[in-house]
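Everything below concerns the one structure shown next.
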Amino acid sequence: MRRSVQLLADFRYEQTDPARFYGALARDSADMIADLYAGLTGRSLAGATILDVGGGPGYFASEFAGVGARYLPVEPDPSEMHAAGLTVHGAVRGSGMALPFRDDAVDVCFSSNVAEHVQHPWLMADEMLRVTKPGGLVVLSYTVWHGPFGGHETGPWHYLGGERAARRYRRKHGREPKNRFGESLFRVGAADGLRWAAQVSDADILAAFPRYHPRWAWWVVRIPVLREVLTSNLVIVASPTPARDSGP
């Protein structure tokens, strides 16, 4: 519960002190992925290649380097890549919807709070599966639109509509929100991710849970409507399966 409260409290610093917010998120992400990878493979992340889709300026790099992993962020926006003044060796500019990597290239493919910012999030999810080795780990974590942080800096007014929330933000602050509804912020629900997971044929879906909830509250994901409001961030965990031989 302490972890959940702290992560949610840090969210309010995303715009004003991103190093604080993303630093805390990076530590939590490294711990979460290490646990999931150990549960799947019985191994630590030491020596594993981790692809971070939408890695931004590389806030997560030091955390994964600290456990001995090879960390590769991919980010489409050059201004985001250099926003924090960090230099990340191996950073790649590219779209999550067309990852510039060959099939079966990485041990772990991870994306945190990115799917709600791309126009075709489930194409991105398919791409994450494609570039991950069979038996590897895919972790897709995204902000649910009808959760309390779905509107990002325009919330909680996003409950009245994304466009209306954006207009209110512009009137109050005299500038456009960083996350512009319909351009860089989209309405992605918990049911959307669960629907994608249900139709995937080339991966085993290992888990789907609300990231910022203690384990005893994971049941909310199973309840339609309620999960859209109470699941601030949904995590979908998958492992690609070997390609089946279709025969001659």
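The values are calculated or read from the model by the stated rules, or taken from the named source; none is laboratory data. Note that the structure is a prediction, hence the values are computed from the model and not measured. Cβ sites come from the backbone with ideal geometry, for glycine too, and all protein chains shown count toward neighbours. Ligands, DNA and RNA are stripped out before the accessible areas are found, and what is left, the full protein with its side chains, is counted by its heavy atoms. Shrake-Rupley method; radii C 1.70, N 1.55, O 1.52, S 1.80 Å.
Selection over region 174-229 of residues that are in contact with a Gly (Cβ under 7 Å, 6 or more places away or on another chain) and open to solvent by 60 Å² or more (accessible area, probe 1.4 Å) gives a count of 2.
Within region 106-119, not a single residue is of a type in the set (Asp, Glu), modelled with pLDDT of 95 or more, part of a loop (DSSP other than H, G, I, E, B) and in contact with a helix residue (DSSP H, G or I) (Cβ under 9 Å, 6 or more places away or on another chain). Taking region 136-179 as the range and being among the basic types (Lys, Arg) and outside any helix (DSSP H, G or I) as the test, the residues that pass are 175, 178. Name every residue in region 180-210 that is in contact (Cβ under 8 Å) with a residue 24 or more places away in the chain and part of a loop (DSSP other than H, G, I, E, B), in order of residue number. Correct list: 184, 186, 187, 188, 189, 200, 202.
Residues that are touching a strand residue (DSSP E or B) at 6+ places or on another chain (Cβ under 8 Å) and within 13 Å of residue 107 (Cβ to Cβ) were ranked within region 51-75; the one that is most open to solvent (accessible area, probe 1.4 Å) is 70.
Within the span defined as region 35-45, one or more residues are farther than 18 Å from residue 71 by Cβ, at pLDDT 65 or above, part of a helix (DSSP H, G or I) and of a type outside the set (Ser, Thr, Tyr).
When residue 24 is tested against (1) modelled with pLDDT of 85 or more; (2) open to solvent by less than 40 Å² (accessible area, probe 1.4 Å), only condition (1) is not met. Within region 28-73, the set of residues being over 14 Å from residue 139 (Cα atoms), β-branched (Val, Ile, Thr) and touching a helix residue (DSSP H, G or I) at 6+ places or on another chain (Cβ under 7 Å) comprises 67 only.
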